[in-house]
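**Student:** My structure is below; once you've seen it, I'll send some questions.
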Amino acid sequence: MSTATWTNPAPLRGVPMSTPVTEAVQRARLVAAGPRVRDLPRTRDVDTATDARAVAALAPHGRFAAQLARRAAMAHR
């Protein structure tokens, strides 16, 4: 889902994160609030370091992978 052109944060507050119902709850709240809602391709959730490494591997030359590499380098100093 994309909310890039809408700035009302109220429907976003209190949505359970990282659960099997997060998307459905968020979508229902946004639709009820009135903005146009459209579905985007699913992406992987990042909750752990293992998740972060898996996402970085999907786009090894992207900003996420670069930031993860910088943080890893700083942690090993």
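Please treat every number below as a calculation from the coordinates, not as lab data. All of these numbers come straight from a predicted model, not from anything done at the bench. Counting neighbours? That spans all protein chains shown, and the Cβs are built from the backbone with ideal geometry, glycine included.
**Student:** If you go through region 55-65 one residue at a time, how many are part of a helix (DSSP H, G or I) and surrounded by fewer than 13 Cβ atoms within 10 Å (Cβ to Cβ)?
**Tutor:** The total comes to 3.
**Student:** Going residue by residue through region 16-27, is there one that turns out to be part of a loop (DSSP other than H, G, I, E, B), surrounded by 10 or more Cβ atoms within 10 Å (Cβ to Cβ) and among the basic types (Lys, Arg)?
**Tutor:** Checking region 16-27: not a single residue is part of a loop (DSSP other than H, G, I, E, B), surrounded by 10 or more Cβ atoms within 10 Å (Cβ to Cβ) and among the basic types (Lys, Arg).
**Student:** Just to verify a result, which residue in region 22-58, among those that are more than 12 Å from the chain's Cα centre (by Cα) and among the basic types (Lys, Arg), is farthest from ALA72 (Cα to Cα)?
**Tutor:** Among those residues, the one meeting the criterion is ARG36.
**Student:** OK, next. Pairs, please: C-beta under 8 Å, at least 6 apart or cross-chain, first residue without any contact (Cβ under 8 Å) to a residue 40 or more places away in the chain and in region 11-29, second of a type in the set (A, V, I, L, M, F, W, C) and assigned to a loop (DSSP other than H, G, I, E, B)?
**Tutor:** Pairs that qualify, where the first residue is without any contact (Cβ under 8 Å) to a residue 40 or more places away in the chain and the partner is of a type in the set (A, V, I, L, M, F, W, C) and assigned to a loop (DSSP other than H, G, I, E, B), are THR22/VAL15; GLU23/MET1; VAL25/VAL15; GLN26/MET1; GLN26/VAL15; ARG27/MET1; ARG27/VAL37; ARG29/VAL15.
**Student:** From the residues in region 28-46 that are among the β-branched types (Val, Ile, Thr) and assigned to a loop (DSSP other than H, G, I, E, B), which one is nearest to LEU68 (Cα to Cα)?
**Tutor:** Only one residue tops the list, namely VAL46.
**Student:** Which residues, taken from region 23-77, are among the β-branched types (Val, Ile, Thr) and closer than 19 Å to ARG13 by Cα?
**Tutor:** VAL25, VAL31, VAL37
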